[in-house]
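Reviewing the structure listed below.
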Amino acid sequence: MPPLVAYADRLSVRPGQTIRFHGRGPSGEALAASVVRVICADPNPAIGGVQTETVAADVTIHATL
């Protein structure tokens, strides 16, 4: 079983728009979240490797069991 299973309701948003993520850890424990902008998603270091930058965003977590 993967350590985290999650998905978003859309692939990208513009500033001011809302995106919702739905996820669950393997034993239902609480999750922490942050928002990042993906600069490069290629894991090959010759291409640049995975590069992200943190985005200042309000993150609200709603727990449901």
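The values are calculated or read from the model by the stated rules, or taken from the named source; none is laboratory data. These figures come from a predicted structure and were not determined experimentally. For neighbour counting, all protein chains shown are included, and Cβ atoms are generated from backbone atoms with ideal geometry for every residue, glycine included. Heavy atoms of the whole protein, side chains included, go into the accessibility calculation; ligands, DNA and RNA do not. Shrake-Rupley method; radii C 1.70, N 1.55, O 1.52, S 1.80 Å.
Would you please list the contacts, defined by Cβ atoms under 8 Å and residues six or more apart or on different chains, that run from a residue in the stretch 2-25 that is of a type in the set (Ser, Thr, Tyr) to a residue that is assigned to a loop (DSSP other than H, G, I, E, B) and open to solvent by 90 Å² or more (accessible area, probe 1.4 Å)?
Here the result reads none, with nothing in the stretch 2-25 linked to a residue that is assigned to a loop (DSSP other than H, G, I, E, B) and open to solvent by 90 Å² or more (accessible area, probe 1.4 Å).
Scan the stretch 9-40 residue by residue and report those that are among the hydrophobic types (A, V, I, L, M, F, W, C), within 13 Å of the chain's Cα centre (by Cα) and at pLDDT 80 or above.
Leu11, Val13, Ile19, Phe21, Val35, Val36, Val38
Scan the stretch 33-45 residue by residue and report those that are open to solvent by 90 Å² or more (accessible area, probe 1.4 Å) and more than 23 Å from Asp58 (Cα to Cα).
Pro43, Pro45
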